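These notes concern the structure reproduced below.
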Amino acid sequence: MHSHHRFTRRRLLATGAAATGAAVLGKAGFAPGLVSAQEATPVAPLGGDVRLARSNPSSLNPLFSTAGIDQGVETQIYGALVIMTYEVAPQLDLAKSIDATPDALSFTFTLDETRGFSDGKPLTSADVLFTFERAINPPTGSFWRSRFLNIQGAEEYDGSGPEAITGMTAPDEQTVSFSFIKPDATFVVLLGDFAGFCVLPKHIWEGIAPEELLDHPYSLAPTIGAGPFIFNEYISDQHISLSRNNSYDPPRANIDNLLLTIVPSSATQQAQLIAGEIDIKGLTVTDIPSLDGQDHLSVFNDPSVQLRSLVPNLSRPAFADKRVRQALSHALDREGLAQELYQGYATTIESPFFAWEWPDGQAPVPEPRGYDPDKARALLAEAGWNASDFNIQFHYIPDSGFDDTLLTVIQDMYSEVGITYELVQVDVTEYNNRVIAGAPADGSATGDFDFVLLSGGVMGGDPNLTARYFDTASKVPFGANYAHYSNARLDELYILGRGTTDIEERMGIYTEAAAIMNDEAPWVFLFRLPALYGVNNRVKNFNSPGHVGRVVSSAHTWWIEE
């Protein structure tokens, strides 16, 4: 086993001013210096397959997919204006240049005229406008809608056609412009979250009603795209298969095939990695010892932009009182978990504002929620809270490994202060229906869950990327505000924070936001996660990204040496 550690400042900041600030938030236009994904693809031998393991996707439609690994697959099939690979800054993909006005009120994307769809149809500005229109159209139910409401005319849009969204225009077939209500210096970074907002082929999708897009067969069989790979097939519980798109000259991808086998069990994936049956696996800390002596494998260990948190449903009476939510943090020995269970690979966090440019690795907060069981009990008593008054369920996806252990330890810690609940195992589909879709069978719009574990996100990349989890407009299904949290001042701060490129000013804005989060405790912020990957040495040019979705979105840069 070979180990790779990249704890440089560039990697540590993970899309701070070391890269994103210069590439996107620079004062001279907000987008200079981006390189194209084509330029980033090294000239290397063609051929070979790369095999990864994953669970069944909930969707392969970029309007709906909320898992980073799904978005990574989509960027390889569809392409996006900009994509995120392992690099810390967005890379140009379907766009060959971006121009922005100095006030960050307008962005113009020029498309790469050499790019087209895999069926031979040209890629034009009409495809881009169509994709954004479908994302904004309320009946679609896309979680991207909340991110685009700053585009002029988006919030009032009634579905009458892209031309009705006055802030989206196409001067010609290769040019798309966006005009905003308020400045947004982070727009390009936003388009890269998680892996990239992909462009749909209008001629394939335009005949499908917005409300039918989610469940349409195309959403799990995206056969036409403008990416470096072509979709072959998805068979539930078996695999997703992609092949190199040879319509590009030279090819944008080096490998012949990207094979994603459906293996939900982490233990099975680990055995397959050791046996050489798969090439790449995201690791937990408990996986690492079993790789010792496996000379055909390398372990990559880097800081990530992902976090791990517990998310209560604030629409449920059990978690309506902020004192109860504060108690949830005080009841947990997070530092002990980071050192003992995570073996020092994870670091505790107090808010979603970490990495980026923060001098101490995260935003300061007025009252860090340290381990204090007595204070937790006092807060619960002050709130008049008793677990017997509620029938709390904690829904989770079992993995027969690390997470099962983590959740059992957390449940024991909570029980010591009188917070009791039932752990309920669900599969990925049910989890998504309960938490992410936000529209359970009874027709409510507040989610069908009490308490869940959430991992991922790219919140450490830029503070504004946390908005889709916490601002009011981002309540599911139009965003990722799973907790159904709302704070008017926080909404204002997000607008202010993306309206300036001044790092010190932005720090002040998001420090206030962190203080609000610290007081109202909408989530239980646990850890900044490490980026751990096990990789077969036959795969060359693998670079570990700070988010799991960006593993797959880098696949066009790999090659094979047996």
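The values are calculated or read from the model by the stated rules, or taken from the named source; none is laboratory data. The structure presented is a predicted model; accordingly, all values stated were derived computationally and were not measured. Cβ atoms come from the backbone with ideal geometry, glycine included; neighbour counts cover every protein chain shown.
When L490, L496 are checked against the criterion of being at pLDDT 95 or above, aliphatic (A, V, I, L, M), more than 16 Å from P183 (Cβ to Cβ) and assigned to a helix (DSSP H, G or I), L490 stands alone in meeting it.
Looking only at the range 151-193, residues that are at pLDDT below 90, out of contact with any strand residue (DSSP E or B) (no Cβ under 8 Å at 6 or more places or on another chain) and either crowded, with 24+ Cβ neighbours inside 10 Å or among the aliphatic types (A, V, I, L, M) (or both) come to 2 in all.
Set side by side, the residues I204, I262, I208 differ, and just one is out of contact with any Cys (no Cβ under 8 Å at 6 or more places or on another chain), surrounded by fewer than 17 Cβ atoms within 10 Å (Cβ to Cβ), closer than 25 Å to P162 by Cβ and among the aliphatic types (A, V, I, L, M), which is I208.
The set of residues in the range 534-562 that are surrounded by fewer than 21 Cβ atoms within 10 Å (Cβ to Cβ) and within 16 Å of D302 (Cα to Cα) comprises N541, N543. Each residue in the range 523-541 was checked for being in a loop (DSSP other than H, G, I, E, B) and either under 17 Å from the mean Cα position of the chain (by Cα) or in the same structural domain as M459 (by TED's automatic domain parsing) (or both), and 1 of them qualify. Scanning the range 175-195 for residues that are part of a loop (DSSP other than H, G, I, E, B) and either touching a Phe, Trp or Tyr at 6+ places or on another chain (Cβ under 9 Å) or aliphatic (A, V, I, L, M) (or both) yields I181, D184, A185, T186, A195. Scanning the range 247-268 for residues that are closer than 20 Å to S553 by Cβ and at pLDDT 90 or above yields A253, N254, I255, D256, N257, L258, L259, L260, T261, I262. Scanning the range 348-377 for residues that are surrounded by fewer than 18 Cβ atoms within 10 Å (Cβ to Cβ), touching a residue at least 24 places away in the same chain (Cβ under 8 Å) and either of a type in the set (S, T, Y) or in a helix (DSSP H, G or I) (or both) turns up Y371, P373, K375, R377. In summary, L307 fulfils each of the numbered conditions (1) surrounded by fewer than 22 Cβ atoms within 10 Å (Cβ to Cβ); (2) at pLDDT below 95 with the single exception of condition (1). Residues in the range 58-110 that are in contact with a His (Cβ under 8 Å, 6 or more places away or on another chain) and not in a loop (DSSP other than H, G, I, E, B): G68, Q76. Identify all residues within the range 94-111 that are modelled with pLDDT under 95 and among the acidic types (D, E); write none if there are none. Selection gives D103 alone. When the criteria are applied in full, L423 meets the requirement of being of a type outside the set (K, R), surrounded by fewer than 17 Cβ atoms within 10 Å (Cβ to Cβ), modelled with pLDDT of 95 or more and not in a loop (DSSP other than H, G, I, E, B). The number of residues in the range 502-515 that are touching a Gly at 6+ places or on another chain (Cβ under 7 Å) and either assigned to a loop (DSSP other than H, G, I, E, B) or of a type in the set (K, R) (or both) comes to 1. None of A331, A381 is over 26 Å from M459 (Cβ atoms) and at pLDDT 95 or above except A381. For the range 198-208, check the following and say yes or no: at least one residue is in contact (Cβ under 8 Å) with a residue 60 or more places away in the chain, touching a Gly at 6+ places or on another chain (Cβ under 8 Å) and in a loop (DSSP other than H, G, I, E, B). Yes - at least one qualifying residue is present in the range 198-208.
Within the range 289-309, the residues that satisfy the criterion of being over 22 Å from the mean Cα position of the chain (by Cα) and either within 22 Å of P57 (Cα to Cα) or in contact (Cβ under 8 Å) with a residue 60 or more places away in the chain (or both) are L291, D292, G293, Q294, D295, H296, L297, S298, V299. Considering the conditions (1) closer than 19 Å to P530 by Cα; (2) small (G, A, S); (3) out of contact with any Ser or Thr (no Cβ under 9 Å at 6 or more places or on another chain), S309 is excluded by exactly one of them, (3). Annotation note: of Q343, Q294, the sole residue that is more than 30 Å from D448 (Cβ to Cβ), in the same structural domain as H484 (by TED's automatic domain parsing) and surrounded by fewer than 19 Cβ atoms within 10 Å (Cβ to Cβ) is Q343. For T286, the stated conditions hold: it is surrounded by fewer than 23 Cβ atoms within 10 Å (Cβ to Cβ), outside any strand (DSSP E or B) and touching a residue at least 40 places away in the same chain (Cβ under 8 Å).
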